[in-house]
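Data block below; observations after.
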Amino acid sequence: MNKQSSKMELLGNAPIPKALMAMGIPTMLGMMVNAVYNLVDAYFVGGLGTSQMGAISVVYPLGQVVVGLGLLFGNGASSYLSRLLGKGDKEKANQVASTALYGSVTAGAVIIILSMIFLRPILKLLGATDSIMPYAVTYAGIYIISCIFNVFNVTMNNIVTSEGAAKTTMCALMTGAILNIGLDPLFIYVFDMGVAGAAIATAISQIVSTSVYLIFVRKKKSIYRFKIKNCSFTKEIMSEIFKIGIPTLVFQILTSLSISLVNTRAMAYGDSVIAGMGAVTRIVSMGSLMVFGFIKGFQPIAGYSYGAKKFDRLQEAIKTSILWSTVFCVIYGLILAIFSEGIISQFTKDDLEMIQAGTQSLRINGISFILFGYYTVYSSLFLALGKGLAGFILGACRQGICFVPVILILPALWGINGILYVQPIADVLSAIITVFMALHLHKELVLTKQKYLIVKAE
């Protein structure tokens, strides 16, 4: 059996536990190493001072918006590609893959240019204080330009995962992240480049990850053929990409907005609180990225099973993913809650105010993180099944629909606690909404299965 046939066998027929392990674990490990890089990056920059730590916290959401373009095209295409492969339409799949890749890089270049032109006003809106601004400009000036490679990598991450090549994604993520971890102290301290060194290390690492994907494509190991002549910006293809991609992009923008709102609300309490919340964001993101990595493996299995009308297989994949992701979230969340002070202390030399704010926030975030796996399985499932509107609503809950009203109202009523507790409150509200939407989805799947069986019997 050749590699391409084995990939289809994995998506369509392998036992669900085996398929999830093969698809989800490599991507999860890659995401984990990438998340560790984010923490190590913050650790080394935190050693420079509170303002420097605040600078990378302020720039972070801007980078996430740019990378969101990769998710717009990549995640949007991934869902469609899995369903096309389930139906056996490889010609259309080639068109979709090429359109997504070249479209994302082009859009990314435009947004990066605009971001650099209006960099200072953007950083001000994101919460940069006068003391943070010089470091933020230095870091962003390098980091944002390098995001063009990240846009490419995120797009390829999703496209490659849709064909079952999770090990390639793991290799690309891990190679870049491990290199970044090694380069950070070299550029920041040995070469004495400060925050600029951190940005340069990131840029080099992203280029290396891009090289891994290019080698994969050049050696024709992919099912898809990425050619400009295959690009087809037709209404059908773009609507399929965008109906899933736009909710994903909005989710990414809302994530950046939520971080920015926290930063702007924290400005009144000084750089220490901004830095503390930035550390909490990266620590919690490590767990959430690992969950996202695992769910990346679940999505193509769900999309393929739905496209191939294998409803029992789809239901088993859902149940197993919820169980596994929730067990992980319970373990990770309890670790954060129990050891919160010790964890936060690693990101500053002696800033007691940063430690106090970060510890309090991390403790309650750890407890609410227990709900994250359940929420993420369903927010991803709706998109995998091509249900863009439902996926948009649920995906927008945690960082938007539930988060924004709380962060706008609560600090005025509860002071700094309104900032520290905003995400846990949004998590609980999002989980409640997920329960009702999940019940409706399962009823719909049962009816769809019944109709299919009736048509098949005829």
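Taken over the range 149-174, the criterion of being modelled with pLDDT of 85 or more, of a type in the set (A, V, I, L, M) and open to solvent by 10 Å² or more (accessible area, probe 1.4 Å) is satisfied by Val154 alone.
Scan the range 443-455 residue by residue and report those that are under 20 Å from Glu316 (Cβ atoms) and without any contact (Cβ under 8 Å) to a residue 24 or more places away in the chain. Spell out the reasoning first.
As a first pass, look at the range 443-455 and keep what is under 20 Å from Glu316 (Cβ atoms): 443-450, 452-453.
Of everything in the range 443-455, those that are under 20 Å from Glu316 (Cβ atoms) and without any contact (Cβ under 8 Å) to a residue 24 or more places away in the chain turn out to be Lys443, Glu444, Val446, Leu447, Gln450, Leu453.
If a residue has to be of a type in the set (A, V, I, L, M, F, W, C), over 30 Å from Ser305 (Cα atoms) and outside any helix (DSSP H, G or I) to count, how many in the range 144-198 make the cut? Spell out the reasoning first.
So in the range 144-198, the residues of a type in the set (A, V, I, L, M, F, W, C) come out as 144-145, 147-149, 151-152, 154, 156, 159-160, 165-166, 170-174, 177-179, 181, 183, 186-188, 190-191, 193, 195-196, 198.
When the remaining residues are screened for being over 30 Å from Ser305 (Cα atoms), the result is 144-145, 147-149, 177-179, 181, 183, 186-188, 190-191, 193, 195-196, 198.
Narrowing the set further to residues that are outside any helix (DSSP H, G or I) leaves 191, 193.
Count: 2.
For the range 423-436, the count of residues that are touching a Lys or Arg at 6+ places or on another chain (Cβ under 9 Å), crowded, with 17+ Cβ neighbours inside 10 Å and hydroxyl-bearing (Ser, Thr, Tyr) is nonzero. Please determine whether any residue of the range 116-138 is closer than 25 Å to Asn263 by Cα, open to solvent by less than 10 Å² (accessible area, probe 1.4 Å), touching a helix residue (DSSP H, G or I) at 6+ places or on another chain (Cβ under 6 Å) and part of a helix (DSSP H, G or I). The answer is yes, given that some residue of the range 116-138 is closer than 25 Å to Asn263 by Cα, open to solvent by less than 10 Å² (accessible area, probe 1.4 Å), touching a helix residue (DSSP H, G or I) at 6+ places or on another chain (Cβ under 6 Å) and part of a helix (DSSP H, G or I).
Give the residues of the range 171-208 that are without any contact (Cβ under 8 Å) to a residue 12 or more places away in the chain and farther than 28 Å from Gly24 by Cβ, sorted by residue number. Before the answer, list the steps.
Taking the range 171-208 first, the residues without any contact (Cβ under 8 Å) to a residue 12 or more places away in the chain are 182, 190-193.
Val190, Phe191, Asp192, Met193 - these are the residues of the range 171-208 that are without any contact (Cβ under 8 Å) to a residue 12 or more places away in the chain and farther than 28 Å from Gly24 by Cβ.
Taking the range 373-405 as the range and being touching a Gly at 6+ places or on another chain (Cβ under 8 Å) and surrounded by fewer than 21 Cβ atoms within 10 Å (Cβ to Cβ) as the test, only Gly386 passes. Applying the condition of being modelled with pLDDT under 75 and open to solvent by less than 10 Å² (accessible area, probe 1.4 Å) to the range 4-25 and asking which residue is farthest from the chain's Cα centre (by Cα) yields Gly12. For the range 101-111, state whether one or more residues are open to solvent by less than 30 Å² (accessible area, probe 1.4 Å), in a helix (DSSP H, G or I) and either under 30 Å from Ile322 (Cα atoms) or of a type in the set (Val, Ile, Thr) (or both). Taking every residue of the range 101-111 in turn, none turns out to be open to solvent by less than 30 Å² (accessible area, probe 1.4 Å), in a helix (DSSP H, G or I) and either under 30 Å from Ile322 (Cα atoms) or of a type in the set (Val, Ile, Thr) (or both).
Please enumerate the residues belonging to the range 402-416 that are assigned to a helix (DSSP H, G or I) and either touching a residue at least 24 places away in the same chain (Cβ under 8 Å) or of a type in the set (Gly, Ala, Ser) (or both).
Pass one, the range 402-416, residues assigned to a helix (DSSP H, G or I): 403-414.
Phe403, Val404, Ile407, Leu408, Pro411, Ala412, listed by residue number.
Within the range 209-245, the residues that satisfy the criterion of being part of a loop (DSSP other than H, G, I, E, B) and open to solvent by 40 Å² or more (accessible area, probe 1.4 Å) are Lys219, Lys220, Lys221, Arg225, Lys227, Phe233, Thr234.
Taking residues in the range 246-270 that are without any contact (Cβ under 8 Å) to a residue 24 or more places away in the chain and surrounded by fewer than 22 Cβ atoms within 10 Å (Cβ to Cβ), and partners anywhere that are part of a helix (DSSP H, G or I) and not basic (Lys, Arg), the pairs with Cβ atoms closer than 9 Å and at least 6 places apart or on different chains are Ala268/Pro411.
In the range 349-392, how many residues are among the hydrophobic types (A, V, I, L, M, F, W, C) and over 30 Å from Tyr269 (Cα atoms)?
Here is the first cut: in the range 349-392, the ones among the hydrophobic types (A, V, I, L, M, F, W, C) are 352, 354-355, 357, 362, 364, 367, 369-372, 377, 381-385, 389-390, 392.
If we keep only those that are over 30 Å from Tyr269 (Cα atoms) too, we end up with 377, 381-385, 389-390, 392.
Residues in the range 349-392 being among the hydrophobic types (A, V, I, L, M, F, W, C) and over 30 Å from Tyr269 (Cα atoms): 9 in total.
Being hydrophobic (A, V, I, L, M, F, W, C), part of a helix (DSSP H, G or I) and surrounded by fewer than 22 Cβ atoms within 10 Å (Cβ to Cβ) narrows it down to one of Val40, Val45, so name that one.
Working: Val45 fails: surrounded by fewer than 22 Cβ atoms within 10 Å (Cβ to Cβ).
Criteria check complete, one pass: Val40.
Would you call Tyr60 touching a residue at least 60 places away in the same chain (Cβ under 8 Å), touching a helix residue (DSSP H, G or I) at 6+ places or on another chain (Cβ under 6 Å) and either surrounded by 22 or more Cβ atoms within 10 Å (Cβ to Cβ) or outside any helix (DSSP H, G or I) (or both)? Judged against the criteria, Tyr60 is not a match.
The values are calculated or read from the model by the stated rules, or taken from the named source; none is laboratory data. This structure is a prediction, so every number in the text was calculated from the model and none was measured. Here Cβ is always computed from backbone atoms with ideal geometry, including for glycine, and neighbour counts include all displayed protein chains. These accessible areas exclude ligands, DNA and RNA; they are computed on the full protein's heavy atoms, side chains included. Shrake-Rupley method; radii C 1.70, N 1.55, O 1.52, S 1.80 Å.
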